[in-house]
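**Q** Pasting a structure below so you can have a look.
The values are calculated or read from the model by the stated rules, or taken from the named source; none is laboratory data. Every value quoted in this text rests on a predicted model; they were computed, and no experiment measured them. We place every Cβ from the backbone using ideal geometry, glycine too, and count neighbours over all the protein chains shown.
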Amino acid sequence: MLGSVAVFIVFRSLSGADPGAALALVSALATVAGISWVLSPLVTGVALSESHDVSRLLHFPIPVPVLAAASLAANLAQPMVLAEIPILLALSLAIADHPGLLLLTAPGVALSFAFVLACAQVASLVLQGVSRNRRFHDAALFAGIGLGVALSLGPLLLLAGGARPMRAVLAAVLRSDVFAFSPFAWGVRAAIHGGRGEAGPFLAYAVLATAALLAAVAVSVVLIHRIHRGELNLGGAASGRASRARMVLPGAMGALVEKDVRSAWRDPAMKASLFLGLLMPLLFALFLTATGGRDATVAFGLAVFVGLSGFGANTFGFERRGIGLLLSFPLERWKLLLGKNLGAAVFRLPGLLAVALASIFLAPPTHLPAVLTMALVTLTLAAGLDNYASVLFPAPVPPPGGSPYGGSTSRRGLAGAVLVASLMMGSLLVASPFLILAWLPPKLGPLSLWLLTLPLALAGAGAVYAMLVAGAAGLLERRETLLLERVLEEA
């Protein structure tokens, strides 16, 4: 209701101040809102409208166009759609010169909104087809990440240049009225002309909006035919000759590391973590540089932050029901933990690379070894302490494509959350003596002291990590039965 009041006041005042600008601005806003709604599954992971699974209804004597139209009509009962109805009514009232013209403005606004829902249905059906192939599924995931980053950075880039770029963009939109060719805007343009009592333009844009709506429903019908009747084949042809699998890393620990890397790489979420691990420190560094935050202390803080981000790797989470086979291997438990820590560390390498690149902007080049030392020390000790959380509170990760919110993946409880937070702070506390060794030389005197302090910091962190792994291995031997029971029950 608050949104409805705001929409009514803004568009009523805009229509009275400049009727010509109101037409262009409303068209632009309708287009942006429609595209955002359609792309919401890619950008946010949440579909604002549903595309129902009609595969269980195809054997009934019901025409597919009826099923597509019924699915579109059923979206009107979705909570997100119902929440928009007061706003649509407020917009219809705001652009009507008098209440009697509401009979023209309301259908126009409804046509635009129905077209948005129809396009969202098309996008959902396309994603259903894409999800049948893992490669296309991963490509869609990365496209969503890229769109999310672009949409997040767009306003920041405009604001970084002050108000002048924003005024220039707004003036160009109002002057050219380029969104008059957008199907998302045809319905609201019909409503604006209807609100002014202009019957001819109202009928023209209403016909265009209706044709666009029917075209979107027709595309949905074609997709339902091809997807749910099995005609859409997104898989590639199998190769005639299967290549023999070969181990790259030698030994039992090498096999464990390679197994973890290969299995984790099949999970789209891990690929996304690689991309974000490389991107986020760079964005943080660019932001600090733009705001005048160029300082070696900031680079050190970024290194510690990236090192701590490795905490919570959930050492046994990707095993799921294979944990029984893993623990049956005749392998010392400390080697098991070390191999899994190394496998998880592979996916932290982009973060270290990003820290190295960011330190170039934030500190002198001579500080790069100290920055990398801080990141490695924190990452190593955080991995050592994270083994305790993985043994005490194991939680299987859902399989690739599974929901990360369902099941029991997050049922560690309040005590588990407190323990994990305590261990995370403990890793920072344990790492603090070695971080001080890397931080002191610029404060005390010549940077040549780093030739002594940095190797000491790395050696000390390695020794503490060895003690942490030995302690976690002893804990694992005592709790193997409970670990198996917990993971197998939840998996």
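**Q** In the range 10-55, what count of residues is obtained for those that are at pLDDT below 75, more than 24 Å from Gly194 (Cα to Cα) and not hydrophobic (A, V, I, L, M, F, W, C)?
**A** Residues flagged as at pLDDT below 75, more than 24 Å from Gly194 (Cα to Cα) and not hydrophobic (A, V, I, L, M, F, W, C) within the range 10-55 amount to 8.
**Q** On to the next question. Within the range 318-372, can you find the residues that are out of contact with any helix residue (DSSP H, G or I) (no Cβ under 8 Å at 6 or more places or on another chain) and in contact (Cβ under 8 Å) with a residue 60 or more places away in the chain?
**A** Keep residues of the range 318-372 that are out of contact with any helix residue (DSSP H, G or I) (no Cβ under 8 Å at 6 or more places or on another chain), which gives 322, 325, 328, 330, 349, 365.
Once the filter is applied, which keeps residues that are out of contact with any helix residue (DSSP H, G or I) (no Cβ under 8 Å at 6 or more places or on another chain) and in contact (Cβ under 8 Å) with a residue 60 or more places away in the chain, the range 318-372 yields nothing.
**Q** Looking at the range 462-491, which of its residues are in a helix (DSSP H, G or I), over 14 Å from Thr380 (Cα atoms) and not hydrophobic (A, V, I, L, M, F, W, C)?
**A** Selection gives Gly471, Gly474, Glu477, Arg478, Glu480, Thr481, Glu485, Arg486, Glu489, Glu490.
**Q** Condition check: polar (S, T, N, Q), surrounded by 22 or more Cβ atoms within 10 Å (Cβ to Cβ) and under 21 Å from Phe11 (Cα atoms). Does Ser71 satisfy that?
**A** Taking the combined requirement at face value, the residue does not satisfy it.
**Q** Return the pairs, sorted by first residue and then second, in which the second residue is surrounded by fewer than 24 Cβ atoms within 10 Å (Cβ to Cβ) and part of a helix (DSSP H, G or I), the first residue lies in the range 373-396 and is modelled with pLDDT under 80, the beta carbons are less than 6 Å apart, and the residues are 6+ apart or on different chains.
**A** Phe393/Gly416; Pro394/Leu483; Pro394/Arg486; Pro394/Val487; Pro396/Arg320; Pro396/Val487; Pro396/Glu490
**Q** Out of the residues in the range 74-112 that are modelled with pLDDT under 80 and of a type in the set (A, V, I, L, M, F, W, C), which is surrounded by the fewest Cβ atoms within 10 Å (Cβ to Cβ)?
**A** Among them, the one singled out is Ala77.
**Q** With the structure loaded, tell me whether Leu156 is modelled with pLDDT under 65 and farther than 25 Å from Leu67 by Cβ or whether it fails that test. Lay out the reasoning, then the answer.
**A** Working: modelled with pLDDT under 65: yes; farther than 25 Å from Leu67 by Cβ: yes.
Yes.
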